[in-house]
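Just so you know, all these numbers are worked out from the coordinates, no wet-lab data involved. Note that the structure is a prediction, hence the values are computed from the model and not measured. Don't worry about glycine lacking a Cβ; one is built from the backbone with ideal geometry, like all the others, and counts go over all protein chains shown.
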Amino acid sequence: MGVRAFSSFGLTLAILATACGGGGGGGGGAATTAASPIPSAVAKATCQTKKVTIAVPVTPPNVVHLTPYLADAFGYFKDENLTVELIRFDGGVGSLRASASGAIDLAGTSSEPVLDAIANGADVKIVYSYAPNVDVSFAVGPGIKTMADLKGKKIGVQEAGGFADVMSRIILKKAGIDAKDVQFVTGQTDTAVLHIDQIKTVQKQNAQITVLANMWEVLTDYQYAVYIVPSQVLKDDPATPECIIRALMRANRAMYDSNNRTKIVDLGVQQTKEERDVIESTFDTLVKAKAWPQNEGVPQANIEGTIASEKGFGKITKDMKFADVTDLSIAKKVVEQLGRVQGFP
């Protein structure tokens, strides 16, 4: 996922290194989708009044990360008798570590550090997502026109093994450039991995910043974001993650209710600290791209593709299967409760 900390891009431009995406919107209106979901009679867990913590890996969030903020603002957590504290981290690796330690009820992060951690014995499971597919671009400063120009440059990353690091290495591999021939840094950089709203913001400030590659065009069958829970929690207290996931799924679905657009844009301006026109344009782009899931949000092909990518970089050395890293039983149960939406992950 990534950090929203500021770093220097080129000589003058401050940029942001990347991050690590129920019923309808406020008031409970039905989400506007390709097909109206038909709820089933699957029993819902009821949570007692309690406080829970959710790790969010980007501070402040980008538009794609608004799901838990929306669930809180629209009262979906309250509907589940939950008071939620959003614990902010500067990257997905920190969010993952907090979850693995048992200090967090549910954590959002990009998929790569989770898969690496599970391969190395971490006892956590992927249970849901707020954004299955990659929505970032690989941006470059003046003087970089082609991938070959990346050799010898300072590559902007936020943390080793984090999302920006992985995306950058994928670009270098595509360019045929050995990682030893560049510098991975967090200060003055020549490149950055940026979300759609970040690209719009930095290009307003400096027209010389360009997009070398859109990662959604480079990567197919690749999982961007996941929510994780310690395996023991799923055994000891499945009700709490069910209540949390139900609220989050309602929030993801609320993104597609046009009646909610103004409220969500207002929330985006408040939380992201970005300009309103950037939020509006980015939100509309993400809705059109179906960025937020409406069902379980973790396609098997995406997870297997990410595992293959991490193995290719030597980050994972053991064979891992979809069932080894996921437990979608709760998300599937919630989908049955709310009704499946066709045409979405």
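Using unit Cβ charges (K, R positive; D, E negative) and no other charged atoms, how large, in debye to the nearest 20, is the dipole of the chain about its Cα centre?
On the way: 35 positive and 36 negative charges, 39 e Å.
Dipole magnitude for the chain comes out near 180 debye.
Simple spin-label model, 7 Å along Cα-to-Cβ: K174 to E275 in nm?
Those two pseudo-labels are separated by 2.8 nm.
Rounded to the nearest 5, what is the percent of antiparallel bridges among the DSSP beta bridges in the stretch 136-218? Display every interim value, and only then the final one.
Details: 9 of 12 bridges.
Around 75 percent of the beta bridges assigned by DSSP in the stretch 136-218 are antiparallel ones.
About the Cα centre, and with charges only on the beta carbon of Lys, Arg (+1) and Asp, Glu (-1), how big is the dipole of the stretch 136-218? Nearest 20 debye, please. Walk me through the intermediate numbers first.
On the way: 10 positive and 8 negative charges, 32 e Å.
Taking the Cα centre of the stretch 136-218 as origin, the dipole is about 160 debye.
What shape does the stretch 136-218 take by its C-alpha gyration tensor, where a ≥ b ≥ c are the square roots of the eigenvalues and a/c under 1.5 counts as rounded, a/b above b/c as prolate, and the rest as oblate?
It comes out rounded by the Cα gyration axes.
Answer rounded, prolate or oblate for the stretch 160-292, using the Cα gyration tensor with square roots of eigenvalues a ≥ b ≥ c: rounded when a/c is under 1.5, else prolate when a/b is larger than b/c, else oblate. Don't skip to the answer; put the middle values down first.
Working: a/c = 2.27, a/b = 1.26, b/c = 1.80.
Because a/c hits 1.5 or more and a/b fails to exceed b/c, the stretch 160-292 counts as oblate.
I need to check one value: relative contact order of the stretch 136-218, counting alpha carbon pairs closer than 8 Å and at least 6 residues apart, in percent. Walk me through the numbers before you get to the answer.
On the way: 131 pairs, mean separation 42.2, N = 83.
Once normalised by length, the contact order is 51 percent.
Considering the dipole of the chain built from charges on the beta carbon (Lys and Arg +1, Asp and Glu -1) around the Cα centre, which of T220, L86, S281 is farthest to its positive end?
The one lying farthest along the dipole's positive direction is S281.
Among V233, S329, T306, which residue has its Cα furthest toward the positive end of the charge dipole of the stretch 226-345, with +1 on Lys/Arg Cβ and -1 on Asp/Glu Cβ?
Value computed over the given set: S329.
Only four residue types carry charge here, +1 at the Cβ of Lys and Arg and -1 at the Cβ of Asp and Glu. Report the dipole size of the stretch 173-254 about the Cα centre in Debye, rounded to the nearest 20.
Details: 9 positive and 9 negative charges, 53 e Å.
With Lys and Arg at +1 and Asp and Glu at -1, about 260 debye.
Considering only Cα-Cα distances, which of the following residue pairs are longer than 27 Å: K78/K273; K145/K311; K51/K315? Mind dumping the intermediate values first?
Details: K78/K273 25 Å; K145/K311 30 Å; K51/K315 36 Å.
Result: K145/K311; K51/K315 exceed 27 Å.
Once phi is turned into θ = phi - 60°, what whole-Hz ³J(HN,Hα) does the Karplus curve with 6.51, -1.76 and 1.60 give for every residue of the stretch 152-157, x standing for Gly and Pro?
Working through the residues one at a time gives x, 8, 8, 8, x, 10 Hz.
As an exercise, identify the trypsin sites (Lys or Arg not before Pro) in the stretch 313-345 lying in DSSP coil whose Cβ has no more than 11 other Cβ atoms within 10 Å. Before the final figure, lay out the partial values.
On the way: sites: K315, K318, K321, K332, K333, R340; in loops: K315, K318, K321, R340.
Listed in order of number, the matching sites are K318, K321.
Which of the GluC sites (Glu not before Pro) across the stretch 257-345 are loop residues per DSSP, with 14 or fewer other Cβ within 10 Å?
Numbers: sites: E274, E275, E280, E296, E304, E310, E336; in loops: E274, E275, E296.
Those that pass, being in a loop and sparsely packed, are E275.
What does the net charge come to around D190 if you take all other residues with beta carbon closer than 14 Å to its beta carbon, with K and R at +1 and D and E at -1? Walk me through the intermediate numbers first.
Values: positive: K145, K151, K153, K154; negative: D149, D181.
In short, +2.
Trypsin sites (Lys or Arg not before Pro) within the stretch 95-175: which are DSSP loop residues with at most 11 other Cβ atoms inside 10 Å?
Working: sites: R97, K125, K145, K151, K153, K154, R169, K173, K174; in loops: K145, K151, K153.
For trypsin sites (Lys or Arg not before Pro) across the stretch 95-175 that sit outside H, G, I, E and B with at most 11 neighbouring Cβ atoms in 10 Å, the list reads K145.
Please label the shape of the stretch 218-271 as rounded, prolate or oblate, based on the square roots a ≥ b ≥ c of the eigenvalues of the alpha-carbon gyration tensor (a/c under 1.5 means rounded; beyond that, a/b larger than b/c means prolate, else oblate). Could you put the intermediate results ahead of the total?
Values: a/c = 2.62, a/b = 1.46, b/c = 1.79.
Taking the square roots of the gyration eigenvalues as a ≥ b ≥ c, the stretch 218-271 is oblate.
Which of the aspartates and glutamates could a cross-linker bridge to K125, judged by Cα under 17 Å and excluding same-chain residues fewer than eight apart?
D105, E112, D116, D236, D237, E242, E296, E304, D319, D324, D327
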